[in-house]
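Bear in mind these aren't lab numbers, they're just calculated from the coordinates by the rules spelled out. Only a predicted model underlies this, so the values are computations on that prediction, with no experimental measurement involved. Every residue, glycine among them, receives a Cβ derived from its backbone with ideal geometry; neighbour counts consider all protein chains shown.
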Amino acid sequence: MSPMRWIAAGFGTGFAPVAAGTVASAAAALVGAALLWWSPAALAAAAMLATAAGFWAIHAGGIDGDPGWVVIDEFAGQWISMLGLAAVTPGGVAAAFVLFRFFDVTKLGPVGWADRRHGAFGVMADDVIAGILTAAILWGARWCWSRAWH
C-alpha cells in the first residue's frame with residue numbers, strides 16, 4: 001500500500017469493517033486528548049498537519065469521490081473540534097466527539113455545502129468545517145459557563 005493511501009486511510013483505521021468514520025473519530029479523540037494534555041499547540045499542529053496531509057494524500061493518490069475507507073478527514077476534523085476544549089476531561093472529550101460526529105453525519109449548513117464539492121477539497125472541507133463548528137460551540141459553552149460562575 002502506498003504511503004498516500006495509508007495516510008488517507010487514517011493510518012489503517014479506515015479499514016474497520018463497520019463505521020470506519022466513527023472508528024477513526026474515536027481513535028483521533030484518544031490521540032487528540034493525549035496531544036491536548038501534552039500541549040494545545042501540539043494538538044493545533046497535528047490538526048494542521050492532518051489537514052494538509054489529507055489534501056495531499058487524496059489528491060496525489062488519485063482517490064476519486066469519498067470512499068468509506070478515506071478517514072484522514074475525520075482525524076483533522078476531530079482534532080480541530082478538540083481545540084475548543086480548555087483541558088482534557090472525559091466529558092469534554094466526549095462532547096467534542098459527539099458534536100463533531102453530529103455535524104459530520106447530518107451535514108448541516110456549511111458542512112453539507114462543503115460535502116457537495118469535488119476532489120480533495122470536498123472530502124476534507126466538510127470535516128474541517130464540522131470541527132470548526134464544534135470547537136466554536138465548545139468555546140462558547142466554556143465562555144457561558146465561566147460567566148455564570150463569576
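Once label points are set 7 Å from the Cα along Cα→Cβ at both D64 and W113, what is their separation, rounded to one decimal in nm?
2.9 nm
Would you calculate the volume per residue, in Å³, of the smallest convex hull containing every Cα atom of segment 58-122?
Convex hull volume per residue, Cα atoms: 97 Å³.
Taking only DSSP H segments of four or more residues, each worth -39500 (n - 2.57), what value at 222 nm results for the chain once the sum is divided by all its residues, to the nearest 500 deg cm²/dmol?
-24000 deg cm²/dmol
In debye to the nearest 20, how big a dipole does the chain give about its Cα centre with +1 on each Lys and Arg Cβ and -1 on each Asp and Glu Cβ?
Rounded to the nearest 20 debye, it is 320 debye.
Suppose the Debye formula is applied to equal point scatterers at every Cα of segment 1-137; what is log10 I(q)/I(0) at q = 0.17, 0.20 Å⁻¹?
One equal scatterer on each Cα of segment 1-137 leads to -0.80, -1.11.
Pick from F100, F55, F75: which is most flexible by mean-square fluctuation in a GNM of the chain where alpha carbon atoms under 10 Å apart are linked?
F55
Picking from M82, M48, M124, which is most flexible by a Gaussian network model of the chain using Cα springs under 10 Å?
Result for the chain, Cα springs under 10 Å: M48 fluctuates most.
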